[in-house]
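Notes follow the structure.
Any read-out appearing in this document is the output of simple, stated calculations on the displayed coordinates, not a laboratory observation. Being a predicted model, the structure only gives us computed values, none of them experimental.
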Amino acid sequence: KTAFLTFFVLIFISLSQVQAQPDGAALFKAQCAQCHSLGENKIIGPGLKNVHTRRDEAWLISWTKNSQAMIKAGDPAAVKLFEDYNKVAMPSFALTDDEIKAIFAYVKAEPTSMLVSTFYTFAREFLK
């Protein structure tokens, strides 16, 4: 009986310490989609397809939080982006590191889920 109670107390404590993970899709749609695509096409800023292969996570977090500070500090990649996109400044975002990581996790995963969704739609139509 004591072991059973101890087990449930430990489960409760463990679950109470788990925090909700940020929703990368919702954050992307609310904060990023006005200027960035999930593909390669330019809207106002660059398309974000495979951005994780071009920049490391620390750089992406810094850029998202305050691109202008990176430009002023002379970061070569930041300066080049600023120049390449007609010196249009990306606004700073008051997002947590975890929220930014969730956005880029969504960006990284989305092409796969879009492909699966397209295949599913095609298969459903084909099998009618």
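So the values come out like this:
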read-out	value
For Met90, residues with placed amide H under 5 Å, excluding near neighbours	none
For region 80-88, Karplus couplings with θ = phi - 60° (6.51, -1.76, 1.60), whole Hz, Gly/Pro x	5, 4, 4, 5, 5, 10, 6, 6, 7
Table column - 3J(HN,Hα) (Hz), region 71-79, Karplus curve with 6.51, -1.76, 1.60, x for Gly and Pro	5, 4, 6, x, 4, x, 5, 5, 4
Amide H contacts of Lys42 (H built 1.01 Å from N, under 5 Å, at least 5 apart or other chain)	Gly47
